[in-house]
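Below you'll find the structure, written out as structure tokens, and then a few comments.
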Amino acid sequence: MTVYIDPPAWPGHGRMWSHLVSDASFDELHAFAARLGVPRRAFERDHYDIPEHRYADAVRAGAVEVGSREVVRLLRAAGLRRPKGRAQRRSS
């Protein structure tokens, strides 16, 4: 079980953002984010949005750096991908 992060390349709200994902479970992802002090409101469907200034913190905590396409591939392979616009089950 590993948590991954892509480079901060996604603009929004005047800053750049990364995506933090798990290759195993949302429980693992939520636990990792909580250890970083990332609020649950930063979780969006299948990932956490991490501001650029917290990227190094996530890597120091054990997140593996990967490209953005790899994030999507990992989510799909784990069965955790939740694209926008589709009805979703509520997760823990």
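The values are calculated or read from the model by the stated rules, or taken from the named source; none is laboratory data. Since this is a predicted model, take the numbers as computed values, not measurements. Virtual Cβ from ideal backbone geometry, glycine too; neighbours counted across all protein chains shown. Surface areas here come from the heavy atoms of the whole protein model, side chains and all, with no ligands, DNA or RNA. Shrake-Rupley method; radii C 1.70, N 1.55, O 1.52, S 1.80 Å.
Among His47, His13, His30, whose mean-square fluctuation peaks in a Gaussian network model of the chain (Cα, cutoff 10 Å)?
Fluctuation is largest for His13.
Classify region 1-41 as rounded, prolate or oblate, taking a ≥ b ≥ c as the square roots of the eigenvalues of its Cα gyration tensor: rounded when a/c is under 1.5, otherwise prolate if a/b is larger than b/c and oblate if not.
Since a/c reaches 1.5 but b/c is at least a/b, the shape of region 1-41 is classed as oblate.
Measure off, as a whole percent, the carbon and sulfur share of the 1.4 Å-probe accessible area of the chain, all protein chains present.
Carbon and sulfur together cover 50 percent of it.
Report the label-to-label distance for Ser68 and Ala34 in nanometres (one decimal), using points 7 Å from each Cα along the Cα→Cβ vector.
Spacing of the two 7 Å Cα→Cβ label points: 3.1 nm.
To the nearest 20 debye, what is the magnitude of the charge dipole of the chain about its Cα centre, counting +1 on the Cβ of each Lys and Arg and -1 on the Cβ of each Asp and Glu?
So the magnitude is around 460 debye.
Enumerate the amide H contacts of Trp10 below 5 Å, restricted to partners 5 or more residues apart or on another chain; note that Pro and chain-start residues carry no placed amide H.
For Trp10, the qualifying residues are Trp17.
Modelled label-to-label distance, Arg41 and Ser25, 7 Å Cα→beta-carbon offset: nm?
2.8
Shape verdict for the chain, please, from the Cα gyration tensor: rounded (a/c under 1.5), prolate (a/b greater than b/c) or oblate. Before the final figure, lay out each step's value.
Details: a/c = 1.35, a/b = 1.24, b/c = 1.09.
Judged from the Cα gyration tensor, the chain comes out rounded (a/c under 1.5).
Could you give me the ³J(HN,Hα) list for region 27-32, computed from phi with Karplus coefficients 6.51, -1.76, 1.60 and θ = phi - 60°, whole Hz, x at Gly and Pro?
Couplings: 4, 4, 5, 4, 5, 4 Hz.
In percent, what relative contact order does the chain have, based on Cα pairs under 8 Å that are 6 or more apart in sequence? Intermediate results must be reported in sequence, preceding the final value.
Working: 144 pairs, mean separation 32.9, N = 92.
Relative contact order of the chain: 36 percent.
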